[in-house]
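Colleague: Take a look at this one; I'll ask things after.
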Amino acid sequence: QVQFVESGGGLVQAGGSLRLSCAVSGNTFTITVIGWYRQAPGKQRELAATISSSGTTNYADSVKGRFTISRDAAKNTVYLQMNSLKPEDTAVYSCYARGMGYGNWGQGTQVTVSS
């Protein structure tokens, strides 16, 4: 099992950028996939981006070319760089990690994009 400290959310104008950080602690060596999901008001939670232990990345079609997921193994931190933000990117973004026999969620951080 792992635990998270998420940061970096906030209010930004359309076209702006934010970088989310997810600092991970616990049995980090057991993680197979880690990334970010988001949930907009009145909508179901959806994938934003993930990165596997081998470095393979996966992005939602709606964020491809604008968002970049990366990780710093030395800091046990995963980042989501979000550029060219749109009002429809407004959501609570949550860190998620899947490992051997578990899936853990972070508390989430609010991202609001104004038009």
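Colleague: Ignoring ligands, DNA and RNA, what percent of the 1.4 Å accessible area of the chain is carbon and sulfur? Write down the numbers at each step before the final one.
Modeller: Numbers: 2850 of 6050 Å².
Carbon and sulfur atoms account for 47 percent of the accessible area of the chain.
Colleague: Which value in nm describes the separation of the simple spin-label points at Q39 and N83, placed 7 Å from the Cα toward the beta carbon?
Modeller: 3.1
Colleague: I want the local charge near I34. Using Cβ-Cβ distances under 11 Å, sum +1 for each Lys or Arg and -1 for each Asp or Glu among the other residues. Kindly include the intermediate steps, with their values, before the conclusion.
Modeller: On the way: positive: R71, R98; negative: none.
That sum, taken over residues with Cβ under 11 Å, equals +2.
Colleague: Could you work out how far the C-alpha centroid of segment 63-83 sits from that of segment 11-32, in angstrom?
Modeller: 7
Colleague: Further, regarding this structure: How high is the relative contact order of segment 1-101? Use alpha-carbon pairs under 8 Å, at least six apart in sequence, and give a whole percent.
Modeller: Values: 204 pairs, mean separation 36.3, N = 101.
Reported relative contact order: 36 percent.
Colleague: Another question, then. Treat each spin label as a single point 7 Å out from the Cα along the C-beta direction, and report the L11 to Y102 distance in nm.
Modeller: For the pair L11/Y102, the computed spacing is 3.7 nm.
Colleague: Here's a follow-up. Note down the net charge around N83, summing +1 for each Lys or Arg and -1 for each Asp or Glu among other residues with Cβ under 13 Å from its Cβ. List each step's numbers first, then the result.
Modeller: Numbers: positive: R19, K64, R66, K86; negative: D89.
Local net charge: +3.
Colleague: Still on this structure: All other residues with a Cβ under 9 Å from the Cβ of S94 taken together, and with Lys, Arg as +1 and Asp, Glu as -1, what is their net charge? Mind showing how you got there, number by number?
Modeller: On the way: positive: R38, R45; negative: E6.
Its environment carries a net charge of +1.
Colleague: May I ask you to list the residues of segment 6-23 whose amide nitrogen lies under 18 Å from a point 7 Å from Cα along the Cα→beta-carbon direction of N76?
Modeller: Backbone N within reach: 6-7, 21-23.
The values are calculated or read from the model by the stated rules, or taken from the named source; none is laboratory data. The structure presented is a predicted model; accordingly, all values stated were derived computationally and were not measured. We place every Cβ from the backbone using ideal geometry, glycine too, and count neighbours over all the protein chains shown. Just the protein is used for accessible areas: all its heavy atoms, side chains included, with ligands, DNA and RNA removed. Shrake-Rupley method; radii C 1.70, N 1.55, O 1.52, S 1.80 Å.
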